[in-house]
Amino acid sequence: MPGSGPVNGLSVDVEDWFHVGAFENVIERSEWDGLTSRVERNVDRILALFDEAGVKGTFFTLGWVAQRNGALLRRIADHGHELASHGWDHARVHTLDRVRFADDLRRAQLEIEDAGGMRVAGYRAPSFSIDARTPWAFEVLAEQGYAYSSSVAPIVHDHYGWREAPRFAFRPLADAPLVEIPVTTAEFAGRRLAAGGGGFFRVLPYGFSRWAIRQVNQRDDRPAVFYFHPWEIDPGQPRVANAPLRSRLRHYTNLDAMAGKLGRLLRDFRWGRMDALARREARRTVEMAA
């Protein structure tokens with residue numbers, strides 16, 4: 001059972017199986033509306049899992065999904081969860097300039113707020129694509145009134161990563177209250193290890209994630225940030241046969257075990273919404289600067 005440690009941030013990146021970066025070179029955006037969507041059934045299953053565990057979380061949602069699944073967003077909100085932005089159509093930030101990024105943010109925010117009936121205060125970049133190439137993105141987020149972002153992975157990875165970024169919440173701008181809350185990493189033998197969910201959680205033994213989150217909660221006395229995708233609990237999703245072998249291995253491995261592992265994780269630790277975590281971390285950064 002969860003102890004008295006920090007309340008960790010629980011998040012879902014709401015996208016469908018065909019939105020993922022691993023398939024972006026084999027599935028064109030123009031094809032999306034002709035593919036079978038499974039996001040609604042998968043999110044409904046996640047809502048049931050969260051209800052069973054008695055936890056609340058944040059659903060970082062693509063505007064594209066919100067536009068086509070308004071009733072689903074209302075159900076998420078009605079269950080007491082936070083709706084936040086994952087951008088419009090999973091375009092990585094480093095593929096956009098400032099103007100296009102601002103447009104992407106506005107379009108997604110308006111669609112999510114209209115569908116879900118709640119203000120959007122948080123943002124997560126697709127594929128954690130705020131990095132050393134795109135620090136200007138924080139300025140755009142602050143200009144649009146976002147309270148927090150969870151868009152940095154402070155590791156080295158072939159698809160993303162900002163190794164030099166802080167491991168824990170920080171203020172990226174001196175003149176704005178915006179807080180960045182990086183996805184969780186653990187430390188072992190002087191190295192940072194990705195430990196915040198997604199494929200790492202799905203592929204590696206559960207014991208690794210339990211060890212990593214305990215390290216962050218107990219040794220570092222900080223909250224962890226965990227994420228996953230609706231398609232990760234869906235072993236029946238269509239297979240993309242022409243995707244690269246590495247992409248297929250990453251995407252399809254252990255889909256049938258994911259829901260069970262999630263259930264253990266939700267029982268073993270304390271979890272809450274990202275907006276509540278952001279408020280606590282904002283206060284902490286102010287106290288540390290005083």
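The values are calculated or read from the model by the stated rules, or taken from the named source; none is laboratory data. Note that the structure is predicted; figures quoted are calculated from it, not measured. Ideal geometry is used to build each Cβ from the backbone, glycine not excepted, and the neighbour counts take in all protein chains shown. What goes into the accessible areas is simple: the full protein's heavy atoms, side chains included, and nothing from ligands, DNA or RNA. Shrake-Rupley method; radii C 1.70, N 1.55, O 1.52, S 1.80 Å.
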Among (1) of a type in the set (D, E, K, R); (2) in contact with a helix residue (DSSP H, G or I) (Cβ under 6 Å, 6 or more places away or on another chain); (3) not in a loop (DSSP other than H, G, I, E, B), there is one condition R133 misses while meeting the rest; what is its number?
(3)
Residues of the stretch 149-177 being touching a Leu at 6+ places or on another chain (Cβ under 7 Å) and open to solvent by less than 30 Å² (accessible area, probe 1.4 Å), which ones?
S149
Listed residues A66, A108, A84; which is open to solvent by less than 10 Å² (accessible area, probe 1.4 Å), assigned to a helix (DSSP H, G or I) and touching an Asp or Glu at 6+ places or on another chain (Cβ under 8 Å)?
A66
Residues satisfying the stated conditions in the stretch 133-148, i.e. within 10 Å of R98 (Cβ to Cβ) and open to solvent by less than 10 Å² (accessible area, probe 1.4 Å)
T134, A137, V140
What are the pairs with Cβ atoms under 8 angstrom where one residue, in the stretch 132-146, is on the phi < 0 side of the Ramachandran plot and the other, located anywhere, is among the charged types (D, E, K, R) and open to solvent by less than 30 Å² (accessible area, probe 1.4 Å)? Sequence gap at least six, or different chains.
F138/E180
Can you say whether A194 is over 24 Å from L83 (Cα atoms) and surrounded by 15 or more Cβ atoms within 10 Å (Cβ to Cβ), as far as the supplied structure shows?
yes
